[in-house]
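Report on one structure; see the data block that follows.
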Amino acid sequence: MCGRYVSATPPDQLAQYFGAESMLASDGGSADEQTGRAWTANYNVAPTHAVYTVYEQDGGRRLERFHWGLVPFWAKDPKIGSKMINARAETIHEKQSFKQPFAKKRCIIPADGFYEWKKVEGHKRKQPMYLTSIDGAPLAFAGVWDVWKDRNSLDEAGEPLELYSCTIITGEPNERVAEVHDRMPVMLPPDVWDTWLDRDNHDVDALRSFLVPAPAELIRLHPVSTDVNNVRNNRSSLIEESSPMSDL
């Protein structure tokens, strides 16, 4: 699974990298929808946070912030999203919660890197590892999104308030990630972004062919401090290499 990652690249840079129109403040100063605070780098992104998402709308790419944890349009309670932070590549086209978004509402969730926890012989706690790209470019996690309407809360025009939400697709790991975990986020190379985001493309079988592990040579990883275990910790030092537990 993918349950924690890093989002440290400012939104204007992400928009440029992914060729999207930013629906956020151009200087990266957009307010967080949950706290009202201006944007800052997040080195410990967790489920239910507002996360940057690239998607297609009206024929163009957009960068927006979505709720991490898919809330299907038919859900009675948005709390269901906390249980749907990931979708399995092997079954996404079959599951009720994901099959319609997979056919019509796919997205890219940018990340600077992500965390996984490795079992260490002789230790009760697992060793957190940070995984990122070799060249430092943002990772393009494959995802799907949906819109849930709150019929009990209306906007100024009398329309139901809308919640845009997303989930990260995970699949089999490559050889490098397999040393740490038995799943990894699906990462899309630039040459498939157009096809993946195209909302007129409903060729599920062809789209499923993209849900494969990223080449191992594109990923580097190193141990980091167990401070990352606490989601309240959010600082750049979380991704710095630390001594592995086996050396302590």
Subject >> Hey, residue 207 farther than 19 Å from residue 9 by Cβ and either hydrophobic (A, V, I, L, M, F, W, C) or in a loop (DSSP other than H, G, I, E, B) (or both) or not >> reply: yes
**OP:** Report, by residue number, each residue of the stretch 210-225 that is in contact with a Ser or Thr (Cβ under 6 Å, 6 or more places away or on another chain) and part of a loop (DSSP other than H, G, I, E, B).
**Re:** 224, 225
Original post:
Taking the condition assigned to a helix (DSSP H, G or I), under 26 Å from residue 49 (Cα atoms) and modelled with pLDDT of 95 or more, does residue 228 pass?
Top reply: yes
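Looking only at the stretch 216-230, which residues are among the acidic types (Asp, Glu) and surrounded by 12 or more Cβ atoms within 10 Å (Cβ to Cβ)?
227
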Original post:
Counting only residues that are basic (Lys, Arg) and free of Cβ contacts under 8 Å to residues at least 12 places away in the same chain, how many does the stretch 67-98 have?
Top reply: 3
Original post:
Which condition does residue 180 not pass, out of (1) touching a strand residue (DSSP E or B) at 6+ places or on another chain (Cβ under 9 Å); (2) of a type outside the set (Phe, Trp, Tyr); (3) more than 27 Å from residue 231 (Cβ to Cβ), if it passes all the others?
Top reply: (3)
Original post:
Do you know which residues across the stretch 12-25 are crowded, with 16+ Cβ neighbours inside 10 Å and modelled with pLDDT under 95?
Top reply: 12, 22, 24
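Conditions tested, residue by residue: (1) out of contact with any helix residue (DSSP H, G or I) (no Cβ under 7 Å at 6 or more places or on another chain); (2) closer than 21 Å to residue 244 by Cβ; (3) among the β-branched types (Val, Ile, Thr); (4) without any contact (Cβ under 8 Å) to a residue 12 or more places away in the chain.
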| residue | (1), (2), (3), (4) |
| --- | --- |
| 161 | yes, no, no, no |
| 184 | no, yes, no, no |
| 193 | yes, no, no, no |
| 200 | yes, no, no, yes |
| 218 | yes, no, no, no |
Original post:
Could you list, in sequence order, the residues of the stretch 231-248 that are among the small types (Gly, Ala, Ser), surrounded by fewer than 16 Cβ atoms within 10 Å (Cβ to Cβ) and assigned to a loop (DSSP other than H, G, I, E, B)?
Top reply: 243
Original post:
Between residues in the stretch 43-57 that are at pLDDT 95 or above and surrounded by 21 or more Cβ atoms within 10 Å (Cβ to Cβ) and residues that are aromatic (Phe, Trp, Tyr) and not in a strand (DSSP E or B), which pairs lie under 8 Å by C-beta distance while being six or more apart or on different chains?
Top reply: 54/18
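The values are calculated or read from the model by the stated rules, or taken from the named source; none is laboratory data. This one's a predicted model, so the numbers in the text were calculated from it and none came from an experiment. All Cβ positions, glycine included, derive from the backbone under ideal geometry; neighbour counts span all protein chains shown.
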